[in-house]
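Take a look at the structure below.
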Amino acid sequence: MRSSFESRDRLLDAALDVIRRQGYSATTVDDICREANLTKGSFFHHFKSKDELALLAVERWNTVTGALFKSAEFQMKDDPLARIHGYLDLRGAILIGEPSEFTCLLGTLVQETYQTHPDIRAACERGLSIHVETLVRDLDLAKAKYAPDAPFSPESLGYLIQTVLQGAFIFAKAKMQAEPVRQALAHLHAYLDLLFHPPLTA
């Protein structure tokens, strides 16, 4: 017999998959229930609406992806710039399957909902900003070590990295392939080596 928590988690995971595959507006409660192999009764036992589910799905996405990056092997590197490169390498390593499987839930949601669902937009903004803040900590250390007099701010560079990634995800969807993301990551690696000199070799 399934526990209530298990059913709730299955619905949240189903929402992550379906929304990334077909978008928020096109996703129905029936779609999510079918993906989770659960009834609408189960859905409404846990969530008042699709919008409420979306907000909790964003929280789940942030928890899952946050744990992935926090426990990644690159976090063990001593050098902050090596950790930034490691972050980009991990981004490349998870480009597996169809675009819906490796692109970002937050980017998908916010493009559709930024004007119509302010609560969802705000939740996505918080999640995206967390990724920026995670990078900024190491970018600040890398700047102090390699380019203390450079005029750019670590925060602006953190936003640039995430902006490039989110834009690359859009092109991956348009072309139905991961190559635009791989190319964007290669350019980011090269740009970091130009900003933080001497170039990283280890």
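The values are calculated or read from the model by the stated rules, or taken from the named source; none is laboratory data. What you see is a predicted model; the values in this text were computed from it and never measured. Methodologically, a virtual Cβ is constructed for each residue, glycine included, from the backbone with ideal geometry; neighbour enumeration extends over all protein chains shown. With ligands, DNA and RNA removed, areas are computed over all heavy atoms of the protein, side chains included. Shrake-Rupley method; radii C 1.70, N 1.55, O 1.52, S 1.80 Å.
Tell me which residues, restricted to segment 9-28, are among the β-branched types (V, I, T) and either open to solvent by 10 Å² or more (accessible area, probe 1.4 Å) or outside any helix (DSSP H, G or I) (or both). Working first, answer last.
Just the residues of segment 9-28 that are among the β-branched types (V, I, T), to begin with: 18-19, 27-28.
Hits for segment 9-28 are T27, T28.
Of the residues that make up segment 148-161, is at least one open to solvent by 30 Å² or more (accessible area, probe 1.4 Å) and in contact (Cβ under 8 Å) with a residue 60 or more places away in the chain?
No, segment 148-161 contains no residue that is open to solvent by 30 Å² or more (accessible area, probe 1.4 Å) and in contact (Cβ under 8 Å) with a residue 60 or more places away in the chain.
Report yes if some residue within segment 102-118 is aliphatic (A, V, I, L, M) and without any contact (Cβ under 8 Å) to a residue 12 or more places away in the chain; otherwise report no.
no
Within segment 29-51, restricting attention to residues that are part of a helix (DSSP H, G or I) and more than 15 Å from I19 (Cα to Cα), which residue is most open to solvent (accessible area, probe 1.4 Å)?
The extreme case among them is H45.
Which numbered condition in (1) part of a helix (DSSP H, G or I); (2) free of Cβ contacts under 8 Å to residues at least 60 places away in the same chain; (3) open to solvent by less than 90 Å² (accessible area, probe 1.4 Å) is the only one that Y191 fails?
(3)
Among (1) over 27 Å from P180 (Cβ atoms); (2) under 17 Å from the mean Cα position of the chain (by Cα); (3) not polar (S, T, N, Q), there is one condition P99 misses while meeting the rest; what is its number?
(1)
Tell me whether segment 167-179 contains one or more residues that are under 23 Å from K77 (Cβ atoms) and either free of Cβ contacts under 8 Å to residues at least 60 places away in the same chain or surrounded by 12 or more Cβ atoms within 10 Å (Cβ to Cβ) (or both).
No, segment 167-179 contains no residue that is under 23 Å from K77 (Cβ atoms) and either free of Cβ contacts under 8 Å to residues at least 60 places away in the same chain or surrounded by 12 or more Cβ atoms within 10 Å (Cβ to Cβ) (or both).
Quick one: H131 ticks every box in (1) at pLDDT 95 or above; (2) surrounded by 14 or more Cβ atoms within 10 Å (Cβ to Cβ); (3) part of a helix (DSSP H, G or I) except a single one, so which number is it?
It is condition (1) that H131 fails.
With the requirement that a residue be within 23 Å of E112 (Cα to Cα) and of a type in the set (A, V, I, L, M), what does segment 37-60 give you?
L53, A54, L55, L56, A57, V58
Answer yes if at least one residue in segment 52-63 is open to solvent by 60 Å² or more (accessible area, probe 1.4 Å), without any contact (Cβ under 8 Å) to a residue 12 or more places away in the chain and not in a helix (DSSP H, G or I), and no otherwise.
The answer is no, given that none of the residues of segment 52-63 is open to solvent by 60 Å² or more (accessible area, probe 1.4 Å), without any contact (Cβ under 8 Å) to a residue 12 or more places away in the chain and not in a helix (DSSP H, G or I).
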